[in-house]
Amino acid sequence: MPRLPTSLLIKAWEENPLLPRLLRECRTLVSARNELRWLRERAQRETPSREWRTRLRAMCRQRSRGVPLQYIIGDQPFGDLEILCERGVLIPRSDTESFTNEAAKTIQGMAKSRNEHSNSKSLRILDLCTGTGCIALLLHQLLSPNFNLKIFGVDISPIALNLAQRNLAHNLEQGYLSEAASTQVQFLRADVLSQGTSELPTVEEILPQLYEHEPKSHEPGSGIETESQLDLLISNPPYISNKDFWNGTTSRSVRRFEPRLALVPPQSTLPDGCNAEDIFYHHILRLSLKYLARVTVLECGDITQARQVVKMHDSMTKSLAQSGEEAKFDVRIWPKTEQECDENGFHLYDGARCVIIRRM
Amino acid sequence: MTGDIKVEDNSSLSPVLLTRARLLASEHSKLADRLSDSFDAKVAKRAGELAPVTSVLREWEKANESIVELKALLEDGDTDEELRSLATEDLDSTREALPAISDRLKKALIPRHPFADLPCLVEIRPGAGGDEAGLFAHEMLRMYMSFCTQRGLRPTILKQDLEDGASEDLLSEGVMEIEAEGAYDILRTESGVHRVQRVPATETKGRTHTSAVSVMVLPSFPESGSGMDSALNFEDPSSDYYIDPQEVRVEKMRAGGAGGQHVNKTESAIRLTHIPTGTVVSMQDERSQQANRRKAWQILRAKIAEARQEAREQELVELRRGAMGGVARMGRGDKIRTYNFGQSRCTDHRSGTTIHNLDSVLDGGHGLETVMESVRTWMADREVEAMLAEEMIKEKKEKK
């Protein structure tokens with residue numbers, strides 16, 4: 001990280017002695033000022049009487065050591081939800097918020113084009129590597145007015161699952177989620193990478209629960225396949241390569257304070273042609289094909305990785321076609337156009353992307 | 001029957017306005033008939049708007065009738081002496097009361113401002129005068145916050161951009177939202193350029209500086225247009241205040257470099273550009289991008305609606321010029337008020353009112369209320385003039 005110019009530090013100090021501390025992470029005065037205001041508001045709300053100044057100073061000290069703002073304040077807005085944040089669980093990113101919105105839009109667009117009676121329509125949604133539960137919960141908020149939902153959030157980390165559960169309760173309590181969410185969203189522990197050899201259940205093992213209590217007559221005439229059909233498979237899995245974790249691509253604060261478990265995939269045996277950082281995609285795409293997911297949305301670190309995921313999907317479907325299974329897919333990388341990038345806060349070439357696969 | 005009354009008070013109530021009042025009163029009685037048959041919210045609303053004109057008109061007509069009767073009584077030679085003196089007394093007092101009634105009738109005739117019932121946004125920006133203007137802009141923000149709080153109008157700060165520079169008190173742009181219904185009507189006296197004259201804290205030679213702060217009062221529309229009058233519904237393409245979402249460019253600012261899990265950015269600045277007018281609103285005060293988006297849209301809608309309303313008023317002014325020559329109208333660019341610290345006075349240049357207790361103005365208290373009230377009276381007088389001009393133009397057209 002380049003040094004901050006002394007003149008900027010002096011200017012910041014003259015404005016408020018706490019600002020230079022925040023500048024270390026924020027880098028710009030505008031951003032530091034905003035953070036100072038947010039921290040002050042929080043300190044004043046949490047600490048009655050005059051103690052809040054002491055509290056604010058402590059908060060700024062933490063921030064200057066690189067502790068993420070969300071771990072200090074304890075939450076992060078995500079869509080219209082308030083997601084509690086805690087050490088040990090990845091902080092929700094605004095990029096993920098955009099991908100989740102786009103996923104909901106895709107689902108709504110498809111339902112509209114098929115002219116479905118939306119209220120009666122059930123949707124089965126699986127969110128793998130759910131972390132704070134932010135994607136699962138936001139999807140409920142966005143889709144519950146139009147659909148009868150069943151959402152599973154899956155994670156390997158007990159700390160994450162505990163937090164996800166509290167996030168469900170917190171957003172119900174705040175009235176950000178409808179009452180229905182208390183029964184329609186569930187968080188479960190499973191290992192996405194497991195092939196039945198570890199003690200943890202695999203996704204296949206927990207998935208039958210997603211179909212429980214459902215009338216069998218659902219969509220008559222389409223047979224067993226529809227029975228096991230998923231409407232949306234979505235994931236923001238660990239996707240950072242070991243190299244990018246250490247070479248400065250990953251920011252220092254993320255590296256030091258956020259859980260590596262949620263960022264870098266663990267070492268495991270790799271199928272042919274699969275990069276270590278893409279191993280989750282391999283397993284998730286396999287699940288997507290197995291359960292005939294109508295829509296699959298995968299967050300990727302950048303365009304190159306997104307293209308890699310598209311390639312993996314292509315080669316998997318090709319080998320399926322050879323064994324006689326016919327299926328058509330519409331695969332796109334989003335955001336793509338300049339307008340999509342501008343409206344959602346993405347750089348035209350850099351930064352995260354998501355792959356959206358629709359089974360036609 | 002009313003047509004037969006000889007009008008005593010021609011000097012203060014023009015026939016044009018009287019015709020208008022009678023037109024409205026007859027509309028009111030028709031509506032009242034319809035309402036007694038079946039209730040309709042729209043009709044009821046219109047009838048409610050017309051009720052004050054109707055009742056004041058009735059009062060005015062009654063006063064005139066009694067003047068005619070009393071005069072007849074006095075002119076009649078058979079009237080006995082005692083009755084005559086009573087009648088004289090009565091005539092005097094009725095004549096005295098008449099101008100006040102006429103005045104009330106005129107005011108009742110002023111069409112309500114289209115935004116009068118809405119909550120509002122107040123945008124404050126420093127003008128000429130450097131740091132001193134930024135400082136005073138901040139003081140004005142506090143003045144209005146306190147004014148609104150004292151009156152239970154529920155003000156909140158929507159946006160507070162501080163200037164890059166010395167102290168925390170330098171405002172480069174502030175927007176406050178006043179949620180109470182009708183807040184627009186209360187605060188619309190404040191739009192314009194406010195001038196401050198004082199010796200700034202930084203001035204070493206004791207010289208008085210003059211700087212300026214511009215204030216804009218904007219109508220605040222609810223988030224969704226449904227439930228609003230169709231005339232005010234910004235989602236309705238037939239409304240004057242409609243905004244086509246296709247004409248607004250949305251940008252979330254972001255630099256290059258790694259994204260996603262690699263970084264954890266806390267800011268979520270958003271910028272909206274209304275392409276046809278070039279109006280730009282940016283918002284970054286909130287942690288939530290949704291909240292920033294909502295606030296930015298609220299301000300954009302307010303600015304465009306105010307600009308369109310302003311344009312419409314300007315058209316009317318042009319029309320009136322033809323009818324009655326120069327018309328006093330204060331635009332947003334005009335200097336409307338001076339706060340002079342040396343003399344501890346506040347003068348409003350529209351109403352000509354001066355308050356000799358600056359503190360009671362700056363703390364948003366009684367002083368400010370008095371100044372605003374004087375401006376309200378001034379505005380009402382201007383609006384009566386404008387209305388008169390309009391009616392005259394209408395009449396001319398009809399004669400043609």
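For B:PHE39, all conditions in the list (1) part of a helix (DSSP H, G or I); (2) under 32 Å from the mean Cα position of the chain (by Cα) hold save one; what is the number of the exception?
Just one mismatch for B:PHE39, condition (1).
Considering the stretch A:256-275 alone, what residues qualify as being touching a helix residue (DSSP H, G or I) at 6+ places or on another chain (Cβ under 7 Å) and in a helix (DSSP H, G or I)?
Result: A:PHE257, single match.
Any idea which residue in the stretch A:34-50 is farthest from A:ILE73 (Cα to Cα), counting only those that are buried (at least 18 other Cβ atoms within 10 Å of the Cβ) and within 14 Å of chain B (Cβ to nearest Cβ)?
Only one residue fits best here, namely A:ASN34.
Could you tell me which residue of the stretch B:256-309 is surrounded by the most Cβ atoms within 10 Å (Cβ to Cβ), considering only residues that are in contact with a His (Cβ under 9 Å, 6 or more places away or on another chain) and within 7 Å of another protein chain (Cβ to nearest Cβ)?
Per the criteria, the residue is B:GLY259.
Identify, from the list A:THR296, A:THR304, the residue that is surrounded by fewer than 21 Cβ atoms within 10 Å (Cβ to Cβ), assigned by TED's automatic domain parsing to the domain that holds A:GLY109 and at pLDDT 90 or above.
A:THR304
Against the condition assigned to a strand (DSSP E or B), touching a residue at least 40 places away in the same chain (Cβ under 8 Å) and over 13 Å from B:MET253 (Cα atoms), how does A:VAL331 come out, does it pass?
For A:VAL331, the condition - assigned to a strand (DSSP E or B), touching a residue at least 40 places away in the same chain (Cβ under 8 Å) and over 13 Å from B:MET253 (Cα atoms) - is not met.
Sort through A:SER315, A:SER319, A:SER323, A:SER288 and tell me the only one that's more than 17 Å from A:GLU102 (Cα to Cα), more than 13 Å from every other protein chain (Cβ to nearest Cβ) and surrounded by 14 or more Cβ atoms within 10 Å (Cβ to Cβ).
Every option except A:SER288 fails the conditions.
Being buried (at least 18 other Cβ atoms within 10 Å of the Cβ) and away from every other protein chain (no Cβ under 13 Å) is the filter here; which residues of the stretch A:59-85 pass it?
Selection gives A:MET59, A:CYS60, A:LEU84.
Quickly run through the stretch A:262-275 and pick out the residues that are more than 25 Å from A:THR132 (Cβ to Cβ) and among the hydrophobic types (A, V, I, L, M, F, W, C).
Scanning the stretch A:262-275 gives A:LEU270, A:CYS274.
Please specify each residue of the stretch A:337-360 satisfying the condition of being more than 26 Å from B:ALA296 (Cα to Cα), part of a loop (DSSP other than H, G, I, E, B) and more than 8 Å from every other protein chain (Cβ to nearest Cβ).
Correct list: A:MET360 only.
Checking the conditions here, which among B:GLN289, B:GLN298 is touching a helix residue (DSSP H, G or I) at 6+ places or on another chain (Cβ under 9 Å) and either at pLDDT 90 or above or of a type in the set (S, T, N, Q) (or both)?
B:GLN289
Across the stretch A:301-312, what is the number of residues that are within 13 Å of chain B (Cβ to nearest Cβ) and among the β-branched types (Val, Ile, Thr)?
Pass one, the stretch A:301-312, residues within 13 Å of chain B (Cβ to nearest Cβ): A:301-306.
Restricting the remaining residues to those that are among the β-branched types (Val, Ile, Thr) gives A:303-304.
Here the count works out to 2.
Tell me whether the stretch A:288-311 contains one or more residues that are in contact with a Cys (Cβ under 7 Å, 6 or more places away or on another chain), in a helix (DSSP H, G or I) and under 24 Å from A:ASP191 (Cβ atoms).
Yes, some residue in the stretch A:288-311 is in contact with a Cys (Cβ under 7 Å, 6 or more places away or on another chain), in a helix (DSSP H, G or I) and under 24 Å from A:ASP191 (Cβ atoms).
Please determine whether any residue of the stretch B:166-178 is of a type outside the set (D, E, K, R), buried (at least 21 other Cβ atoms within 10 Å of the Cβ) and touching a Ser or Thr at 6+ places or on another chain (Cβ under 8 Å).
yes
The rows are residues; the columns are (1) within 25 Å of the chain's Cα centre (by Cα); (2) in a helix (DSSP H, G or I); (3) free of Cβ contacts under 8 Å to residues at least 60 places away in the same chain.
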{"residue": "B:LEU118", "(1), (2), (3)": "yes, no, no"}
{"residue": "B:GLU132", "(1), (2), (3)": "no, yes, no"}
{"residue": "B:MET140", "(1), (2), (3)": "yes, yes, no"}
{"residue": "B:THR156", "(1), (2), (3)": "yes, no, yes"}
{"residue": "B:GLU173", "(1), (2), (3)": "yes, no, yes"}
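Consider B:ASP117 carefully, then state whether it is closer than 30 Å to B:VAL215 by Cα and among the acidic types (Asp, Glu).
Criteria met by B:ASP117.
Restricting to the stretch B:142-157, name every residue that is of a type outside the set (Val, Ile, Thr), surrounded by fewer than 19 Cβ atoms within 10 Å (Cβ to Cβ) and under 15 Å from B:HIS366 (Cβ atoms).
B:SER146, B:GLN150, B:ARG151 - these are the residues of the stretch B:142-157 that are of a type outside the set (Val, Ile, Thr), surrounded by fewer than 19 Cβ atoms within 10 Å (Cβ to Cβ) and under 15 Å from B:HIS366 (Cβ atoms).
May I ask you to list the residues in the stretch B:341-369 that are farther than 20 Å from B:VAL199 by Cα, part of a helix (DSSP H, G or I) and small (Gly, Ala, Ser)?
B:GLY367
The values are calculated or read from the model by the stated rules, or taken from the named source; none is laboratory data. The shown structure was predicted, so the numbers you read here are calculated from the model rather than taken from an experiment. Note: ideal-geometry Cβ built from the backbone for every residue, glycine included; neighbour counts use all protein chains shown.
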